[in-house]
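What follows is calculated from the coordinates using simple rules that are stated; it is not laboratory data. Just so it is clear, the structure is predicted and the values come from calculations on it, not from any experiment. All Cβ positions, even for glycine, are placed from backbone atoms using ideal geometry, and neighbour counts span all protein chains on display.
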Amino acid sequence: MYQSQKLAIKYLVVAFALFGVMIAAGLLTAAYYLQPRLLFNTLDFSTAKILHINTLVVWNLMGFFGAVYWFLPQEVEREVVGIRLANVMFWVFCAAFLTVAAVFAVVQTGPSAESTLWLINQGRKYVEAPRWAALGILAIVAVFMFNIIATAVKARRLSGVLGVLIVDLVPLFVLYLDAFPSETNMAKDMYWWWWLVHLWVEGTWEVLIACIMAWTLMRLLNTSRRIVETWLYIDIGLVMGSGILGLGHHYYWIGTPKYWFALGGFFSALEPLPLIGMVVHAIYDAGVHRMHCSNRPALYWMFAEAFGNFFGAGVFGFMMTLPQINLFTHGTQWTASHGHFAWWGAYVCGLISIFYVVLAEARGARQIDGPLWKWSFALLNLGIIGMAGGLLIAGMAQTFHERALGGSTLQSFITAQASSWFVEGMWMRMAFGVMFAIGYVLLVVDLVRVGRMASVVELRIPEVGA
Ligand code: HEM
Ligand code: HEM
Ligand SMILES: [Fe+2]
């Protein structure tokens with residue numbers, strides 16, 4: 001095994017541990033909706049939510065790093081350049097995360113001064129990490145980019161997938177520079193913040209996961225390089241074509257010019273297209289191979305990725321992307337419903353699939369199956385669908401009572417929160433959240449056991465890219 005692949009496993013293990021921390025923080029965040037005085041003045045809703053969503057971003061990034069460090073040496077048939085530095089950066093990443101999480105949980109807030117931005121919290125949703133840590137993340141991503149580019153140069157090999165990955169990392173890195181707010185005008189600040197959030201999840205991250213999934217597909221289903229690369233190029237063209245101006249769907253109500261209604265509405269309505277392409281691709285592959293695969297959990301998680309991405313991002317995003325509808329749904333639990341379902345489909349399912357592939361290869365397992373992964377697959381997917389459903393019901397109640405009937409006043413906000421549909425939606429989210437958490441525990445048990453237990457049968461792993 002290459003050193004890079006050992007590092008990959010470290011990244012993936014930490015990523016999946018943080019996935020658990022994220023779920024715990026998510027359950028806590030959900031509990032305040034049912035018990036508003038919970039931990040009052042000790043650990044408030046806002047802090048729990050910060051822990052939940054920042055852990056999400058960090059563990060996803062760690063998962064991507066792990067996946068790339070696993071596949072890269074196989075792709076170029078040599079060790080990754082600068083692997084020592086990469087190892088150091090892994091520990092820096094872990095230490096920075098722990099410090100920031102401790103500061104969020106214990107210190108929580110600071111005076112309205114520059115020092116707070118540097119040491120405690122930068123106050124921008126999803127990227128709240130204080131400046132010192134944000135600088136650290138920049139350094140970590142820079143080293144990651146260096147490792148990949150230097151490896152490709154040294155190996156004198158640049159496949160289509162690797163080329164796309166390298167090109168994609170540049171905007172991914174540059175956009176993160178936007179995590180350092182200096183703007184005091186709220187409208188301008190939101191304007192730029194969306195460049196980071198939207199163009200990460202609906203642009204650069206999509207391309208990154210598409211590259212990783214391309215490598216996974218070649219290993220899992222023996223899909224030819226020609227097919228995955230062709231789809232990759234089509235996907236990128238569509239994602240970039242629709243995703244960049246799709247940014248406009250966040251510019252409706254923040255004080256930007258009116259032309260964003262038309263631009264945002266039109267281009268974001270096109271965004272589901274690349275996601276449909278992905279589903280078509282998955283079905284095509286399943287048909288060709290009649291679902292024959294020695295790593296069934298990885299295969300099923302890959303399908304979950306394609307369908308989850310399509311429904312969560314494509315359908316649930318499309319539902320509220322036109323300005324005429326978004327006027328009523330904006331910033332309600334409807335948004336959170338889409339946020340959970342989309343993120344799940346677009347990124348988490350893919351990362352689970354990849355981890356199964358990596359563990360099977362690392363442990364030399366020829367056949368991966370058994371009842372446990374099916375239980376976790378069912379509980380996690382039902383859990384997220386149920387959560388998205390509960391949030392959608394709560395969001396509809398808000399849309400109706402707060403926006404359509406109440407005209408968006410503070411009083412109508414309170415009335416909507418008291419509506420029985422809203423309250424029941426919150427209970428439903430909690431119940432399915434618990435189901436989701438049980439699914440996670442089973443997933444971890446299964447991942448620990450993959451390739452080690454008696455359920456493993458001898459079979460062949462397909463040749464890469466044949
Ligand atoms: C047990 C599971 C989970 C529970 C109970 C949970 C709960 C929550 C809660 C209560 C919020 C705050 C929403 C608000 O501000 O009102 C939230 C936000 C969020 N969560 Fe989760 N979550 C869970 C799992 C996940 C997973 C698996 C993902 C990603 C795949 C995720 C992604 C997000 C995102 C993106 C937000 C911000 C959404 C927004 O504010 O619109 N969560 N979650
Ligand atoms: C690639 C996967 C996607 C992910 C992970 C994702 C995630 C999210 C998240 C987390 C939010 C909440 C942001 C916040 O206010 O904190 C959001 C908002 C939004 N998303 Fe997506 N999204 C994806 C794709 C899409 C697509 C394809 C569309 C449209 C077709 C879309 C339309 C929207 C809209 C309109 C909002 C704003 C909702 C509001 O006004 O409150 N998203 N998305
Ligand atoms: Fe967006």
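Things to note:
- Within the stretch 239-262: backbone nitrogen closer than 13 Å to the residue 185 label point (7 Å, Cα to C-beta): 255-257
- Taking 7 Å steps out from each Cα toward its Cβ at residue 269 and residue 150 produces label points 4.9 nm apart.
- Over the chain, DSSP H runs of length four or greater, each weighted -39,500 (n - 2.57), average out per residue to a 222 nm ellipticity of -24000 deg cm²/dmol.
- Electrostatic tally near residue 317: other residues with Cβ closer than 10 Å to its Cβ, Lys and Arg +1, Asp and Glu -1, net -2.
- With semi-axes defined as the square roots of five times the eigenvalues of the C-alpha gyration tensor, the equivalent ellipsoid of the stretch 1-158 measures 35, 17, 10 Å, largest first.
- Taking all Cα-Cα distances within the chain, those exceeding 34 Å account for 33%.
- Every Cα-Cα pair in the stretch 287-374 was counted, and those over 18 Å apart are 54% of them.
- Within straight-line reach of residue 125, meaning a Cα separation under 17 Å, sit the following lysines at least 8 residues removed in sequence or on another chain: 49, 188.
- Length released on extending from residue 259 to residue 39, taking residue separation times 0.36 nm less the Cα-Cα span: 74.7 nm
- Chymotrypsin sites (Phe, Trp or Tyr not before Pro) within the stretch 318-391, DSSP loop, no more than 13 other Cβ atoms inside 10 Å: none
- Amide H contacts under 5 Å for residue 408: 403, restricted to partners 5 or more places along the chain or on a different chain, H placed in the peptide plane at 1.01 Å from N.
- Rounded to the nearest whole angstrom, the semi-axes of the ellipsoid equivalent to the stretch 125-265, taken from the Cα gyration tensor as √(5λ), stand at 31, 21, 10, largest first.
- Average silhouette area of the stretch 322-466, convex hull of alpha-carbon atoms, in square nanometres: 11.1
- Phi angles of the stretch 26-34 translate, via the Karplus equation with coefficients 6.51, -1.76, 1.60 and θ = phi - 60°, into HN-Hα couplings of x, 5, 5, 4, 5, 5, 4, 5, 8 Hz per residue; Gly and Pro are given as x.
- Amide H contacts of residue 129: 122, each under 5 Å away and 5 or more positions distant or on a separate chain (H built 1.01 Å from N in the peptide plane; Pro and chain starts excluded).
- Once exposed loop GluC sites (Glu not before Pro) are cut out (DSSP; at most 13 other Cβ, 10 Å), longest piece of the chain: 184-457
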